[in-house]
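Okay, structure first, notes after.
Rule-based calculations on the coordinates, nothing more; no lab input. All figures in this text were calculated on a predicted structure; none of them were measured in a lab. For neighbour counting, all protein chains shown are included, and Cβ atoms are generated from backbone atoms with ideal geometry for every residue, glycine included.
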Amino acid sequence: MSATARTDVELDGDNSRFVGQFNIDTGSALSVNEQKNLGDASVINNGLLTISTERSWAMTHSISGSGDVTKLGTGILTLNNDSAAYQGTTDIVGGKLLSVPTLPLIWQVNTLISITAV
């Protein structure tokens, strides 16, 4: 599935059987609010990936690309090295962002983390 030509796509429902790939082009956006929205797909993010969750979510999906990630909601989002392989800005607007293992993630050199929630 691709978000192209400056489109905004919001995934809803149970896509847990989807094992493909989501491509987000520059200027496009993909929004999810539950882990099952992404299924078992990988994400190539060159636009904006918005993750809004009110509960704990251990991100097991591979996320790569130069796009930005925005974390919304009061829940806790946990990233591992595969899910933090993108090079864009991480904007934490709500909730918490954790890394597993507890050692620092291997963030790309040009990655910026912006925390706007307290």
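In whole Hz, what ³J(HN,Hα) sequence does the range 8-23 give by Karplus (6.51, -1.76, 1.60; θ = phi - 60°), x for Gly and Pro? So the J values, rounded to whole Hz, are 10, 10, 10, 7, 9, x, 8, 10, 4, 8, 7, 10, x, 9, 9, 10. For the range 27-101, the fraction of C-alpha pairs more than 21 angstrom apart is 12%.
The protection proxy used here, the mean number of other Cβ atoms lying within 10 Å of each residue, ranks peptides 27-38, 43-54 as follows, highest first: 43-54, 27-38.
Amide H contacts for D8 (H built 1.01 Å from N in the peptide plane; partners 5 or more residues away or on another chain; cut-off under 5 Å): A29.
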